[in-house]
Amino acid sequence: MKLSYPREVELFQWLARSLGAPFVDLREYRISPGILRKLPRDLAREYRCVPMVFNRRRVVLVHDSPADALRLAADPPPFLRFRAREEGSRSVEFALTTSSALDEALARRLSLADEHGRGSGGR
(Lines give C-alpha, C1' and ligand atoms only; values in the text may rest on other atoms or scores of the structure.)
Protein backbone atom coordinates (compact mmCIF):
# COMPACT_ATOMS: atom_id res chain seq x y z
CA MET A 1 0.00 0.00 0.00
CA LYS A 2 1.47 3.32 -1.05
CA LEU A 3 0.85 6.24 1.31
CA SER A 4 0.12 9.77 0.19
CA TYR A 5 3.09 12.04 0.86
CA PRO A 6 1.50 13.89 3.83
CA ARG A 7 0.64 10.54 5.45
CA GLU A 8 4.15 9.22 4.76
CA VAL A 9 5.62 12.32 6.45
CA GLU A 10 3.37 11.83 9.50
CA LEU A 11 4.39 8.18 9.78
CA PHE A 12 8.13 8.92 9.57
CA GLN A 13 7.84 11.88 11.97
CA TRP A 14 6.13 9.60 14.50
CA LEU A 15 8.79 6.92 13.96
CA ALA A 16 11.62 9.43 14.42
CA ARG A 17 10.02 10.83 17.60
CA SER A 18 9.56 7.36 19.04
CA LEU A 19 13.25 6.62 18.42
CA GLY A 20 14.47 10.02 19.64
CA ALA A 21 15.92 10.69 16.19
CA PRO A 22 15.62 13.84 14.11
CA PHE A 23 13.29 13.85 11.10
CA VAL A 24 14.30 15.74 7.96
CA ASP A 25 11.94 16.26 5.05
CA LEU A 26 14.37 16.06 2.16
CA ARG A 27 11.73 17.52 -0.13
CA GLU A 28 12.00 20.72 1.92
CA TYR A 29 15.71 20.60 2.79
CA ARG A 30 18.08 20.64 -0.18
CA ILE A 31 21.50 19.15 0.47
CA SER A 32 24.32 20.88 -1.37
CA PRO A 33 26.08 18.88 -4.12
CA GLY A 34 29.38 19.29 -2.23
CA ILE A 35 27.95 17.51 0.82
CA LEU A 36 26.26 14.83 -1.31
CA ARG A 37 29.61 14.06 -2.96
CA LYS A 38 31.22 13.28 0.41
CA LEU A 39 29.65 9.82 0.21
CA PRO A 40 30.54 8.01 -3.04
CA ARG A 41 27.66 7.01 -5.29
CA ASP A 42 28.18 3.28 -4.85
CA LEU A 43 28.02 3.61 -1.04
CA ALA A 44 24.97 5.90 -1.20
CA ARG A 45 23.25 3.28 -3.34
CA GLU A 46 24.44 0.28 -1.29
CA TYR A 47 23.56 1.75 2.12
CA ARG A 48 20.54 3.72 0.83
CA CYS A 49 21.47 6.95 2.59
CA VAL A 50 22.75 10.44 1.84
CA PRO A 51 24.93 12.73 3.95
CA MET A 52 23.23 15.87 5.24
CA VAL A 53 26.06 17.18 7.42
CA PHE A 54 29.72 16.29 6.95
CA ASN A 55 31.99 18.55 8.96
CA ARG A 56 34.53 18.63 11.78
CA ARG A 57 31.90 18.10 14.48
CA ARG A 58 29.81 15.33 13.00
CA VAL A 59 28.56 13.34 10.07
CA VAL A 60 24.78 13.06 9.75
CA LEU A 61 23.42 10.44 7.37
CA VAL A 62 19.79 10.57 6.29
CA HIS A 63 18.07 7.22 5.96
CA ASP A 64 14.55 5.82 5.67
CA SER A 65 15.17 2.67 7.71
CA PRO A 66 15.70 3.07 11.45
CA ALA A 67 17.30 -0.38 11.76
CA ASP A 68 19.81 0.29 8.98
CA ALA A 69 20.51 3.80 10.27
CA LEU A 70 21.24 2.49 13.76
CA ARG A 71 23.52 -0.19 12.31
CA LEU A 72 25.40 2.39 10.22
CA ALA A 73 25.77 4.76 13.16
CA ALA A 74 27.06 1.96 15.40
CA ASP A 75 29.39 0.42 12.80
CA PRO A 76 30.08 2.78 9.87
CA PRO A 77 31.64 1.26 6.74
CA PRO A 78 35.45 1.64 6.57
CA PHE A 79 35.32 4.38 3.92
CA LEU A 80 32.96 6.46 6.02
CA ARG A 81 35.07 6.01 9.16
CA PHE A 82 38.17 7.06 7.17
CA ARG A 83 36.42 10.11 5.65
CA ALA A 84 35.00 11.15 9.02
CA ARG A 85 38.47 10.96 10.59
CA GLU A 86 39.98 12.77 7.58
CA GLU A 87 37.46 15.60 8.07
CA GLY A 88 38.04 15.56 11.84
CA SER A 89 34.45 14.53 12.58
CA ARG A 90 33.79 13.29 16.08
CA SER A 91 30.56 11.37 15.55
CA VAL A 92 28.43 9.62 12.95
CA GLU A 93 24.71 10.22 13.53
CA PHE A 94 21.53 9.64 11.58
CA ALA A 95 18.26 11.31 10.78
CA LEU A 96 15.14 9.82 9.24
CA THR A 97 13.30 10.90 6.14
CA THR A 98 10.51 9.43 4.06
CA SER A 99 11.25 6.73 1.51
CA SER A 100 9.99 8.83 -1.40
CA ALA A 101 12.08 11.86 -0.37
CA LEU A 102 15.15 9.65 0.01
CA ASP A 103 14.53 8.18 -3.46
CA GLU A 104 14.63 11.73 -4.88
CA ALA A 105 17.80 12.64 -2.93
CA LEU A 106 19.51 9.42 -4.05
CA ALA A 107 18.60 10.20 -7.66
CA ARG A 108 20.23 13.64 -7.27
CA ARG A 109 23.31 12.03 -5.67
CA LEU A 110 23.61 9.38 -8.38
CA SER A 111 23.45 12.06 -11.08
CA LEU A 112 26.54 13.84 -9.66
CA ALA A 113 30.12 12.87 -10.39
CA ASP A 114 32.08 11.71 -7.35
CA GLU A 115 34.70 13.98 -5.77
CA HIS A 116 37.89 14.40 -7.76
CA GLY A 117 35.96 13.74 -10.99
CA ARG A 118 35.47 10.02 -10.39
CA GLY A 119 32.17 8.72 -11.66
CA SER A 120 30.61 5.35 -11.08
CA GLY A 121 32.41 3.87 -14.07
CA GLY A 122 29.19 3.47 -16.03
CA ARG A 123 27.62 1.15 -13.43
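The values are calculated or read from the model by the stated rules, or taken from the named source; none is laboratory data. The shown structure was predicted, so the numbers you read here are calculated from the model rather than taken from an experiment. Note: ideal-geometry Cβ built from the backbone for every residue, glycine included; neighbour counts use all protein chains shown.
Looking at Arg30, Arg45, can you tell me which residue is surrounded by fewer than 17 Cβ atoms within 10 Å (Cβ to Cβ) and not in a helix (DSSP H, G or I)? Show your work before the answer.
Working: Arg45 fails: not in a helix (DSSP H, G or I).
Sole residue among the options that is surrounded by fewer than 17 Cβ atoms within 10 Å (Cβ to Cβ) and not in a helix (DSSP H, G or I): Arg30.
Taking the conditions exactly as written (in contact with a helix residue (DSSP H, G or I) (Cβ under 7 Å, 6 or more places away or on another chain), assigned to a strand (DSSP E or B), among the hydrophobic types (A, V, I, L, M, F, W, C) and surrounded by 14 or more Cβ atoms within 10 Å (Cβ to Cβ)), does Leu61 satisfy them or not? Full working, then the answer.
Numbers: in contact with a helix residue (DSSP H, G or I) (Cβ under 7 Å, 6 or more places away or on another chain): yes; assigned to a strand (DSSP E or B): yes; among the hydrophobic types (A, V, I, L, M, F, W, C): yes; surrounded by 14 or more Cβ atoms within 10 Å (Cβ to Cβ): yes.
So Leu61 passes the test.
Among the listed residues Ala84, Ala101, Ala67, Ala107, which satisfies the condition of being within 19 Å of Pro22 (Cβ to Cβ), without any contact (Cβ under 8 Å) to a residue 24 or more places away in the chain and among the hydrophobic types (A, V, I, L, M, F, W, C)? It would help to see each step written out before you state the result.
Working: Ala84 fails: without any contact (Cβ under 8 Å) to a residue 24 or more places away in the chain; Ala101 fails: without any contact (Cβ under 8 Å) to a residue 24 or more places away in the chain; Ala107 fails: within 19 Å of Pro22 (Cβ to Cβ).
Only one candidate passes the filter, namely Ala67.
Would you pick out the residues in region 20-50 that are more than 19 Å from Pro76 (Cα to Cα) and touching a residue at least 40 places away in the same chain (Cβ under 8 Å)? Can you show your working first?
Our first condition is that a residue be more than 19 Å from Pro76 (Cα to Cα); within region 20-50, this holds for 20, 23-34.
Phe23, Val24, Asp25, Leu26, Arg27, Ile31, Pro33 - these are the residues of region 20-50 that are more than 19 Å from Pro76 (Cα to Cα) and touching a residue at least 40 places away in the same chain (Cβ under 8 Å).
Restricting to region 85-103, count the residues that are crowded, with 20+ Cβ neighbours inside 10 Å and in a helix (DSSP H, G or I).
Of the residues in that region, 2 qualify.
With the condition kept exactly as written, say whether any residue in region 67-83 is buried (at least 16 other Cβ atoms within 10 Å of the Cβ), among the acidic types (Asp, Glu) and closer than 18 Å to Leu15 by Cβ. Before the answer, list the steps.
At the first step, the residues of region 67-83 found to be buried (at least 16 other Cβ atoms within 10 Å of the Cβ) are 69, 72-73, 76, 80, 83.
Remaining after also requiring among the acidic types (Asp, Glu): none.
The answer is no; no qualifying residue exists.
Looking only at residues in region 24-72 that are among the small types (Gly, Ala, Ser) and within 12 Å of Leu96 (Cβ to Cβ), which one is modelled with the lowest pLDDT? Before you say what the answer is, go through the steps one by one.
From region 24-72, those among the small types (Gly, Ala, Ser) are 32, 34, 44, 65, 67, 69; that's our starting set.
Cutting the leftovers down to within 12 Å of Leu96 (Cβ to Cβ) gives us 65, 67, 69.
Values: Ser65: 91, Ala67: 86, Ala69: 80.
Across region 24-72, the extreme among qualifying residues is Ala69.
So, in region 1-23, of the ones that are in a loop (DSSP other than H, G, I, E, B) and of a type in the set (Gly, Ala, Ser), which residue ends up modelled with the lowest pLDDT? Can you show your working first?
Just the residues of region 1-23 that are in a loop (DSSP other than H, G, I, E, B), to begin with: 1-4, 20-22.
So of that shortlist, the ones also of a type in the set (Gly, Ala, Ser) come out as 4, 20-21.
On the way: Ser4: 76, Gly20: 88, Ala21: 89.
The qualifying residue modelled with the lowest pLDDT is Ser4.
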